Amino acid sequence: MAFKVIDPESCFTSSVIRDPKRFVGRSDLIANSVTALNSPQGLIAIYGKRGVGKSSLLRQIQDLATGNYELVRRAGLAHIIPPKPRRYFTVYYACDSIITNANDLVTRLCNDSDPLDGLLRLVPDGGKELAEFTRTDESTGGFDLKVLKWGVREQDATKYSSAVPGDIIQTFRNFTNAVVEANNRLFNKRDSVLILLDEFDVIKDKAGLGSLIKSLTSDKVKFGICGIGQDIGELVADHSSVDRLIEQGAVYVRPMTMPETEEIFAVATKLSGDRLEFAPSMVRRVSEFSEGYPYFAQLFGRACVQEANNRGTNRIDDAILDVVLSKIRSGQAFPNLEAKYQRAIGASDDRAMLLTLLAEQSADETKFDATLGQVVLRQSRSTAQDLGIEYIDQLLPRLIEERYGPVLVKTPDARGLYEFTDPVFRTYVKLRHIGN
Ligand SMILES: Nc1ncnc2c1ncn2[C@@H]1O[C@H](COP(=O)(O)OP(=O)(O)OP(=O)(O)O)[C@@H](O)[C@H]1O
Ligand SMILES: [Mg+2]
């Protein structure tokens, strides 16, 4: 095939994956999700490290909930699709740190008029026009509802028929109760409402969130929560109240396996209409560098396609990857990560060295002890001082302070232990220094 310039964005992306065609791997988690969606009650909880692919999975669950099981068939799991899958009207909401507590959260939900994802769009209101749409371009897919037109420009929750002034929880109940009945009169019948809450970990005061979710869950309302954490307890402080709800719905998103990461390149080839060709050794190396974080594979993919375009080829081999690697070392390849890196090291070579030492510890031992102004590197059992880095007490604070990132945080489980807040950044630091 003759060379053609390929738009890197058409094959790789740094955004959340919505299109099932771009979604790679995770077949065990997809199977879990199908089970969780098809149990009448129960809470879905998606958790895992930063940047590992949680929101992408959540968006796929939203799509499954509307009845589009394309992803499941694609994953070779057609046999697990129930004869009559439960179908949902879906709500998706990304929390932010201004939401302080459970009450705030419900207030936000009851006022969210987003035309594709908000709860209000589904609540009966005379002046509103709803229409079905597919969340992906799959025409075989399930349909969701979007608002075409609001009758009145200024929307405030009180004009909705069943809003109860001063009682946001009751308002929420009334809204969600009304959704299924009212929309089933007009559209294909569905069983329930699914409320997906992304970035759930940022809610400051987690007290009572579990019991609130429990009290609001019914055979007409199911919740799915998603956020950074190693276990349910990090997402929901009073998780004991939802433990029984969560039995089938706990979805831990781990870093990808090598074959999963490698498949990102096979998908890119498909998306390019089979124009792009990736040398297997190049794909293997990128998958190793990525350490299971699909974000990195996508980033490398994009950079390599760009480089290949510059050279007038659609075949991406190790030579092209080497060019990208050398651009990483000089800080030119990934501007966002580089900016974060520069802010963290604050023009100090010693701090850059310390940061690299920390990043180079093997994945789960990135944790290190920083008590007594010493940094004990667990892997080598030596201190950073032994390795020639002086003045740790002056180098370390910048890495821990919130306004510079922070790059490192105390682990919740053990005292005096720190780890990288962002595994993707940790990987970048390592690559930045390979061979330097
Ligand atoms: N299944 C997948 N297949 C291909 N790429 C993926 C997949 N999951 C995630 N990615 C890619 O990985 C990156 C991170 O994904 P996502 O935003 O879903 O992660 P996250 O865990 O929600 O991150 P954060 O902790 O920052 O919220 C994105 O670039 C996305 O395109
Ligand atoms: Mg996310």
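The values are calculated or read from the model by the stated rules, or taken from the named source; none is laboratory data. This structure is a prediction, so every number in the text was calculated from the model and none was measured. Backbone-built Cβ (ideal geometry, glycine too); neighbour counts: all protein chains shown. Just the protein is used for accessible areas: all its heavy atoms, side chains included, with ligands, DNA and RNA removed. Shrake-Rupley method; radii C 1.70, N 1.55, O 1.52, S 1.80 Å.
Scanning the range 193-247 for residues that are within 16 Å of ligand 2 (Cβ to nearest atom) and open to solvent by less than 10 Å² (accessible area, probe 1.4 Å) yields LEU196, LEU197, ASP198, PHE200, ILE203, GLY224, ILE225, CYS226, GLY227, GLY229, LEU235.
All conditions in (1) part of a helix (DSSP H, G or I); (2) within 16 Å of ligand 1 (Cβ to nearest atom) hold for VAL52, with the sole exception of (1). Within the range 255-291, the set of residues being charged (D, E, K, R) and assigned to a helix (DSSP H, G or I) comprises GLU260, GLU262, GLU263, LYS270, ARG284, ARG285, GLU288.
Scanning the range 238-274 for residues that are acidic (Asp, Glu) and in contact with a Ser or Thr (Cβ under 7 Å, 6 or more places away or on another chain) yields ASP238, GLU262.
Of all residues in the range 128-141, those that are more than 23 Å from ARG185 (Cα to Cα) have Cβ atoms under 9 Å from Cβ atoms of residues that are modelled with pLDDT of 70 or more and not acidic (Asp, Glu), 6 or more apart or on another chain, in THR136/ARG18; THR136/PRO20; THR136/LYS21; THR136/ASN68; ASP137/LYS21; GLU138/PRO20; GLU138/LYS21; GLU138/ASN68.
If you filter the range 46-88 down to residues that are at positive phi, within 16 Å of ligand 2 (Cβ to nearest atom) and in contact with a Lys or Arg (Cβ under 9 Å, 6 or more places away or on another chain), you find that the one that is modelled with the highest pLDDT is GLY53. Please work out if TYR47 is away from ligand 1 (no atom under 12 Å from the Cβ) and either outside the structural domain of PHE200 (by TED's automatic domain parsing) or among the aromatic types (Phe, Trp, Tyr) (or both). In short, no. Considering the range 263-296, the residues that are without any contact (Cβ under 8 Å) to a residue 60 or more places away in the chain, under 22 Å from the mean Cα position of the chain (by Cα) and open to solvent by less than 60 Å² (accessible area, probe 1.4 Å) include one that is farthest from PRO20 (Cα to Cα), namely VAL286.
Beta carbons closer than 7 Å, at least 6 apart along the sequence or on distinct chains, pair a first residue in the range 322-347 that is among the β-branched types (Val, Ile, Thr) with a second that is surrounded by 13 or more Cβ atoms within 10 Å (Cβ to Cβ) and not in a helix (DSSP H, G or I) for VAL324/ALA333; ILE328/PHE334. Would you confirm whether any residue within the range 71-83 is within 11 Å of ligand 1 (Cβ to nearest atom), out of contact with any helix residue (DSSP H, G or I) (no Cβ under 9 Å at 6 or more places or on another chain) and not in a loop (DSSP other than H, G, I, E, B)? Within the range 71-83, none of the residues are within 11 Å of ligand 1 (Cβ to nearest atom), out of contact with any helix residue (DSSP H, G or I) (no Cβ under 9 Å at 6 or more places or on another chain) and not in a loop (DSSP other than H, G, I, E, B). Against the conditions (1) out of contact with any Cys (no Cβ under 8 Å at 6 or more places or on another chain); (2) at pLDDT 95 or above, ALA344 satisfies every one except (2).
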